[in-house]
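Peer 1: Just passing along the structure, written as structure tokens.
The values are calculated or read from the model by the stated rules, or taken from the named source; none is laboratory data. In this text, all values refer to a predicted model and were calculated from it rather than measured experimentally. Glycine also receives a Cβ, built like all others from the backbone with ideal geometry; neighbour counts cover every protein chain displayed.
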Amino acid sequence: MGLLALLWVAVVLLWTTRGRFRLLLAVVTLGIGLGTLLFLPKDIQQRYGTMVDNEAQAMEDNPEAVGAIGSSQARWALFVHSLEVTVRHPLLGVGPGTSPARTPI
């Protein structure tokens, strides 16, 4: 979530600034992003890779990568379920103390 927040801040700054400052901000942001990718340890690069490509990580016989893929798939399933519950109960939700897993379909 921290990466997404940082990305959102960069987008808002690029949207709201004008002229040379916008160009400078874009160049600095791109430089920091690429520099960060170059200096990250291999295991963290693989972990971030599971956010965009599960199959490539599954081909490696790395137990941590397999665990990361399982975690990513579980989070995605929970996100999809939360969207389904939101569609079924758009106005008031499911209520306090009620788990969405126990709501009738």
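Each row is one residue, and each column tells you yes or no for (1) modelled with pLDDT of 75 or more; (2) hydrophobic (A, V, I, L, M, F, W, C).
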site: 31; (1), (2): yes, no
site: 51; (1), (2): no, yes
site: 64; (1), (2): no, no
site: 69; (1), (2): no, yes
site: 74; (1), (2): yes, yes
site: 78; (1), (2): yes, yes
site: 84; (1), (2): yes, no
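Peer 1: Search the stretch 8-28 for residues that are assigned to a helix (DSSP H, G or I) and pair each with any residue that is among the small types (Gly, Ala, Ser) when their beta-carbon atoms are under 8 Å apart and the residues are at least 6 apart or on different chains.
Peer 2: Note: pairs meeting the criteria are 14/26; 25/10.
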